[in-house]
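Here is the structure we will look at, set down as structure tokens.
The values are calculated or read from the model by the stated rules, or taken from the named source; none is laboratory data. Worth saying up front: this structure is predicted, and the values here are computed from it rather than measured. Cβ: placed from backbone, ideal geometry, glycine included. Neighbour counts: every protein chain shown.
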């Protein structure tokens, strides 16, 4: 809609978007959501710079001399992630709460087991969840194990969807870690005859700040379970649980720019450049985030160019029920992506995370279609933009 408006008004698509960005936060939308933080212009600027947006017309002229139609398209998205809070979704008719739960179990030898109601199906939770635990206590990451999806062990959880595992699932873990840390510091202060406020955790040790007194993490864990010398009234063990119910959704946002070349004789589209600039808030593991963005963009490009569910009009039979017929994107359908992040921390959860799971799949389809319609001069193009559809749209534009 924004791209079409820019073309009809004869103004830059980038400038029209810029004029309509929200700049004051919090911003209450007409529906239940209130945008809490963002910097949309930074993402726009980063994407335009990486894509050499200003130099596009020169590239278009060069492509024209080679018999190709070159187009550029932009998409600025904002997404509601970390679905919550429970009271809000309850008012909309949800039948469940949308909190998440976690339990942190420090074993007597100092290894740590985390039970989470979130579930990993390829996002690398085993790594990122372990990172926040290892960083908190200064222990090796391989001494942390993550348990998920095991209903014999894990307490109730709400699962993984809507980019909620970081913002909601890891926040529940952080709340449990807070409780473990508080108890560990009480024990350490008692063992070293120090004030609890002077205890710091560094490099796998609990230390009395400003002194050479320290207790190794594994020794502290053993002390919690032998219970020979605990503060009066303290229960043995070092195991805590927590539920986290967010105060708001999270709102990742970004700007995607796609550049294509279309063969006017066949309608075949080649993506020659794809740039993604996202704001995911604080990032725990940049490599995993980049991988999720790559996967999302691939999915979005597949939706834009290739993937369609086709039915027989007479019988209603699905004709694309297997991957022999349903066209999935392959490596040779995709360019090398240029991705970057600019991080505005989310104020609604303890880690400042916004989420990244769906971003690539949200921002890429409109960017691709905007690029193709820019190349062929016809906005009337529905996904998937197969070669046949693009060729037909191009011929229709030529007739007019």
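To keep it simple, each residue is scored yes or no on (1) touching a helix residue (DSSP H, G or I) at 6+ places or on another chain (Cβ under 7 Å); (2) part of a loop (DSSP other than H, G, I, E, B); (3) in contact (Cβ under 8 Å) with a residue 24 or more places away in the chain; (4) assigned by TED's automatic domain parsing to the domain that holds residue 262.
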position: 350; (1), (2), (3), (4): yes, yes, yes, yes
position: 369; (1), (2), (3), (4): yes, no, yes, yes
position: 373; (1), (2), (3), (4): no, no, yes, yes
position: 381; (1), (2), (3), (4): yes, yes, no, yes
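Quick check: anything in segment 71-92 within 22 Å of residue 361 (Cα to Cα) and out of contact with any helix residue (DSSP H, G or I) (no Cβ under 9 Å at 6 or more places or on another chain)?
yes
Mind checking whether some residue in segment 305-318 is over 23 Å from residue 269 (Cβ atoms), touching a residue at least 60 places away in the same chain (Cβ under 8 Å) and touching a strand residue (DSSP E or B) at 6+ places or on another chain (Cβ under 9 Å)?
no
Going through segment 1-33 one residue at a time, which ones are closer than 25 Å to residue 360 by Cβ, touching a residue at least 12 places away in the same chain (Cβ under 8 Å) and not in a helix (DSSP H, G or I)?
20, 21, 22, 25, 33
Considering 165, 171, which residue is closer than 20 Å to residue 250 by Cα and in contact with a helix residue (DSSP H, G or I) (Cβ under 7 Å, 6 or more places away or on another chain)?
165
Within segment 292-313, identify whether any single residue is under 13 Å from the mean Cα position of the chain (by Cα) and surrounded by 24 or more Cβ atoms within 10 Å (Cβ to Cβ), and answer yes or no.
Within segment 292-313 (the criterion being under 13 Å from the mean Cα position of the chain (by Cα) and surrounded by 24 or more Cβ atoms within 10 Å (Cβ to Cβ)), the answer is yes, since at least one residue qualifies.
When you go through 221, 242 one by one, which is the residue that is in contact with a helix residue (DSSP H, G or I) (Cβ under 6 Å, 6 or more places away or on another chain) and either part of a helix (DSSP H, G or I) or closer than 30 Å to residue 98 by Cβ (or both)?
Selected residue: 242, the only one of 221, 242 that is in contact with a helix residue (DSSP H, G or I) (Cβ under 6 Å, 6 or more places away or on another chain) and either part of a helix (DSSP H, G or I) or closer than 30 Å to residue 98 by Cβ (or both).
Return a yes/no flag: does segment 77-85 have any residue that is in a helix (DSSP H, G or I), touching a strand residue (DSSP E or B) at 6+ places or on another chain (Cβ under 9 Å) and either surrounded by fewer than 19 Cβ atoms within 10 Å (Cβ to Cβ) or not assigned by TED's automatic domain parsing to the domain that holds residue 203 (or both).
Scanning segment 77-85, I find no residue that is in a helix (DSSP H, G or I), touching a strand residue (DSSP E or B) at 6+ places or on another chain (Cβ under 9 Å) and either surrounded by fewer than 19 Cβ atoms within 10 Å (Cβ to Cβ) or not assigned by TED's automatic domain parsing to the domain that holds residue 203 (or both), so the answer is no.
Sort through 169, 197 and tell me the only one that's without any contact (Cβ under 8 Å) to a residue 24 or more places away in the chain, assigned to a helix (DSSP H, G or I) and either assigned by TED's automatic domain parsing to the domain that holds residue 124 or closer than 23 Å to residue 283 by Cα (or both).
Exactly one residue qualifies, and that residue is 197.
Considering segment 272-319 alone, what residues qualify as being farther than 30 Å from residue 141 by Cβ and in a loop (DSSP other than H, G, I, E, B)?
306, 307, 308, 309, 310, 312, 313, 314, 315, 316, 317, 319 - these are the residues of segment 272-319 that are farther than 30 Å from residue 141 by Cβ and in a loop (DSSP other than H, G, I, E, B).
Part of a loop (DSSP other than H, G, I, E, B) and more than 17 Å from the chain's Cα centre (by Cα): which single residue out of 71, 67, 55 fits that description?
That would be 67, the only listed residue that is part of a loop (DSSP other than H, G, I, E, B) and more than 17 Å from the chain's Cα centre (by Cα).
With respect to residue 39, determine if the residue is in contact with a strand residue (DSSP E or B) (Cβ under 8 Å, 6 or more places away or on another chain), at pLDDT 95 or above and surrounded by 13 or more Cβ atoms within 10 Å (Cβ to Cβ).
yes
Select, from 262, 272, the only residue that is crowded, with 21+ Cβ neighbours inside 10 Å, within 30 Å of residue 383 (Cβ to Cβ) and either assigned by TED's automatic domain parsing to the domain that holds residue 56 or touching a strand residue (DSSP E or B) at 6+ places or on another chain (Cβ under 7 Å) (or both).
262
Which is farther than 30 Å from residue 138 by Cβ and surrounded by fewer than 17 Cβ atoms within 10 Å (Cβ to Cβ), of 47, 88, 54, 14?
Result of the check over 47, 88, 54, 14: 54.
Kindly list the number of the only condition in (1) assigned to a loop (DSSP other than H, G, I, E, B); (2) in contact with a strand residue (DSSP E or B) (Cβ under 9 Å, 6 or more places away or on another chain); (3) farther than 30 Å from residue 31 by Cβ that fails for residue 118.
So the condition that residue 118 fails would be (3).
Can you name every residue in segment 89-110 that is touching a residue at least 60 places away in the same chain (Cβ under 8 Å) and assigned to a loop (DSSP other than H, G, I, E, B)?
Listed by number, the residues that qualify are 92, 96, 97, 98, 99, 107, 108, 109, 110.
Scan segment 121-139 residue by residue and report those that are touching a residue at least 60 places away in the same chain (Cβ under 8 Å), outside any loop (DSSP other than H, G, I, E, B) and more than 19 Å from the chain's Cα centre (by Cα).
Selection gives 136, 137.
If I ask for residues that are out of contact with any strand residue (DSSP E or B) (no Cβ under 8 Å at 6 or more places or on another chain) and buried (at least 22 other Cβ atoms within 10 Å of the Cβ), which ones from segment 129-164 would you list?
160
Could you tell me how many of the residues in segment 344-377 are surrounded by fewer than 24 Cβ atoms within 10 Å (Cβ to Cβ), within 15 Å of the chain's Cα centre (by Cα) and modelled with pLDDT of 95 or more?
So the answer is 6.
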